[in-house]
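Novice: Questions regarding the structure given below will be posed in turn.
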């Protein structure tokens, strides 16, 4: 099957089987002249980085209900946006989301640029996201390559070079299939194929529209591809988090520095995270009690073991670090996942 035939076959399959996603304009609506909202495409693509569709749906609905346009998001308070993002992870994305929204609102009159190079010049938009927005929102013939696309290309063309070394070859193969007509729908079709049929485990080859063209299936290699180079084991880091509360119910919290892991997020004061046991660094003078339980959490590059200390802080407490947040202003849901785990373990040992 020629490249153009594969592209047409895939688009015909997509017209019938496209996933219904809240940020997507489906093929029938596209054919009727409805165009995607670049704001929705951009927001969803940023949210979907390193995250699943299932995890993103509720966040996308909340964000677009609260901030329906890029101008609304640009005018939002940083703390409110970071709080809504809490739990989605990779918090630098949320900081860059605000920077990008403000640049689009300020420098571009609230309209996203419609070319890949101009999109990539915006804060927080890399090559993949720029190509995705250009293709999906503006129907530019850009090649969009995520993990799903890599898997489909590796199997379709039986590429046995392991990832990440195979990335340039897989991108080149995806470019071969990208049509000049309906490139946005084509990009989403390949992603849908990878997400629903050409899945990482037990691919449903019998349902695949490209079954007869798939070299990996013919060679009996489909389920083994793409190959991946062995990963280095993740190191373990250790830290201490301090959870303290005054008699009036106010919690001692601190805003983490903008740069670094969990940057800009609200959290519990604590030590640095290092590969050796940390020295205690309490944020206020108090009787800090150790808990038997510890938080265990895994980030992209390391495992974290977080010891917990709790204290009933006096009404006149003057902390060395952090600030008190009144009980009516404290929402555990605003905490990143690792900090919320600490709260769930420690609150039973603190007065209500």
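FYI, it's all coordinate maths here, none of it is from the lab. Keep in mind that what you see is a predicted model, and the values were worked out from it rather than measured. Backbone-built Cβ (ideal geometry, glycine too); neighbour counts: all protein chains shown.
Novice: If you project the alpha carbons of segment 1-85 onto their three principal axes, what span does each projection cover, largest first, in Å?
Specialist: Projected onto its principal axes, the Cα set of segment 1-85 covers 53, 29, 18 Å.
Novice: Taking every DSSP beta bridge that has both residues in the chain, what percent is antiparallel when rounded to the nearest 5?
Specialist: 60 percent
Novice: Shifting gears a bit: Ranked highest first by average number of other Cβ atoms within 10 Å, how do 198-210, 7-19 line up?
Specialist: The most tightly packed comes first, giving 7-19, 198-210.
Novice: Can you tell me the FRET efficiency between residue 69 and residue 259 if r is taken as the Cβ-Cβ distance and R0 is 35 Å, rounded to the nearest 0.05?
Specialist: Efficiency at R0 = 35 Å is approximately 0.75.
Novice: Pairing the Cα long axis of helix 38-48 with the longest principal axis of the chain, what angle in degrees results, from 0 to 90 and rounded to the nearest 10?
Specialist: Approximately 70 degrees, to the nearest 10.
Novice: For helix 53-66, report the angle its Cα long axis makes with the longest principal axis of the Cα atoms of the chain; keep it between 0 and 90° and round to the nearest 10°.
Specialist: The angle comes out near 70 degrees.
Novice: In Å and whole numbers, how far do the C-alpha atoms of the chain stretch along each principal axis, longest first?
Specialist: Per principal axis, max minus min of the Cα coordinates gives 75, 47, 31 Å.
Novice: Place a point 7 Å from the Cα of residue 299 along the Cα-to-Cβ direction; which residues of segment 311-352 have their backbone N under 15 Å from it?
Specialist: Residues passing the 15 Å test: 336-340.
Novice: Report the full-extension gain for the segment residue 114 to residue 347: residue separation times 0.36 nm, less the Cα-Cα distance, to one decimal in nm.
Specialist: Gain on stretching residue 114 to residue 347: 79.0 nm.
Novice: Among 253-260, 126-133, how do they line up by average Cβ neighbours within 10 Å per residue, starting with the highest?
Specialist: By packing density, highest mean first, the sequence is 126-133, 253-260.
Novice: What FRET efficiency comes out for the pair residue 285/residue 167, r = Cβ-Cβ distance, R0 = 45 Å, nearest 0.05?
Specialist: The computed FRET efficiency comes out at 0.25.
Novice: Turning to a different aspect of this structure: For the peptides 289-297, 98-106, what is the packing order when you average, over each peptide's residues, the other Cβ atoms within 10 Å and list the highest mean first?
Specialist: 98-106, 289-297
Novice: While we're here: Can you compute the FRET efficiency between residue 320 and residue 205 using 1/(1 + (r/R0)^6), with r the Cβ-Cβ distance and R0 = 51 Å? Round to the nearest 0.05.
Specialist: 0.25
Novice: Per residue, what volume in Å³ does the convex hull of the Cα atoms of segment 3-44 enclose?
Specialist: Per residue, the Cα convex hull of segment 3-44 comes to 89 Å³.
Novice: For segment 236-349, what does the convex hull of the Cα positions come to per residue, in cubic angstrom?
Specialist: Cα-based convex hull of segment 236-349, divided per residue, equals 101 Å³.
Novice: Once the Cα atoms of helix 127-138 and of the chain are each reduced to a long axis, what angle between those two axes, in degrees from 0 to 90 to the nearest 10, is obtained?
Specialist: 60 degrees
Novice: Report the far tail of the P(r) of segment 79-218, meaning the percent of Cα-Cα pairs longer than 19 Å.
Specialist: 59 percent
Novice: How much length, in nm to one decimal, is gained on full extension between residue 53 and residue 272, taken as 0.36 nm per residue of separation minus their Cα-Cα distance?
Specialist: Once the chain is fully extended between residue 53 and residue 272, it gains 75.6 nm.
Novice: Need the full-extension length gain, residue 17 to residue 103, defined as separation in residues times 0.36 nm minus the C-alpha distance. One decimal, nm.
Specialist: 27.3 nm
Novice: Still on this structure: How far apart, in nm, are the 7 Å Cα→Cβ label points at residue 215 and residue 160?
Specialist: 1.1 nm
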